[in-house]
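What follows is one structure encoded as structure tokens, with my remarks underneath.
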Amino acid sequence: MLQTLYFKFTGAQESIDLFTKLIGEYEAYMRVGTGIMEFTATVLLFLPRTTWLGAAFTSGLMSGAILSHLVVLGIEHNNDGGALFYGAVITFVAGLILLYNERKQIPIIGKILQ
């Protein structure tokens, strides 16, 4: 996720094209908003007390990306060979694995999930 922030925040044409296809004239709001959420998830992943929250946030964001590809964008977008889609799937699975590994740290239900 961290790697794609450059493209979202600098307004790279590939990123603009992707979000325009998703939402139309309001692409800038969704593009930057998604970037802010991905940055937040990344920071949470690196803080030991909030790793579980970052993992959950990451999985949620990537489920949205996967759904966007399956419903609107297609697996292959702008002749990328499916790189964005497969990257989202890998990140989603990594988030789920990390969330499972950190399940004991989740407040209230962590002790039940041991």
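Quick note: the coordinates plus some simple rules give every number you see, no bench work behind them. It should be emphasised that the depicted structure is a prediction, and the values quoted were computed from it without experimental measurement. Note: ideal-geometry Cβ built from the backbone for every residue, glycine included; neighbour counts use all protein chains shown.
Please tell me the relative contact order of segment 2-105 in percent, rounded to the nearest whole number, where contacts are Cα pairs under 8 Å and at least six residues apart.
Averaging sequence separation for qualifying contacts and normalising by length gives 24 percent for segment 2-105.
Modelling each spin label as a point 7 Å along the Cα-to-Cβ direction, I'd like the Phe7/Val93 distance in nm, to one decimal.
2.0
With a ≥ b ≥ c taken as the square roots of the eigenvalues of the C-alpha gyration tensor of segment 2-105, please select rounded if a/c is under 1.5 and otherwise prolate if a/b is larger than b/c or oblate if it is not?
On the way: a/c = 2.40, a/b = 1.64, b/c = 1.47.
It is prolate, given that a/c is not under 1.5 and a/b is the larger ratio.
Which of the listed residues, Asn78, Ala55, Leu18, is farthest toward the dipole's positive end in segment 2-105, when Lys, Arg count +1 and Asp, Glu count -1 at the beta-carbon?
Of the listed residues, the answer is Ala55.
About the Cα centre of the chain, how large is the charge dipole given +1 on each Lys and Arg Cβ and -1 on each Asp and Glu Cβ? Please answer in debye to the nearest 20. Intermediate results must be reported in sequence, preceding the final value.
Working: 7 positive and 8 negative charges, 135 e Å.
So the dipole magnitude of the chain works out to roughly 640 debye.
Would you list the membrane-span-like helices of the chain, meaning whole DSSP H runs whose alpha-carbon atoms span at least 24 Å along their axis and whose mean Kyte-Doolittle value is at least -1.0?
27-46, 51-68, 83-101
Once both labels are modelled 7 Å past Cα along the beta-carbon direction, what's the Lys21-Lys111 spacing in nm?
Computed distance between label sites Lys21 and Lys111 equals 4.9 nm.
Using the beta-carbon distance between Val72 and Leu47 and R0 = 30 Å, what value does 1/(1 + (r/R0)^6) give for FRET efficiency, to the nearest 0.05? Intermediate values should be presented prior to the final figure.
Working: r = 33 Å, r/R0 = 1.10.
Here the calculated transfer efficiency is 0.35.
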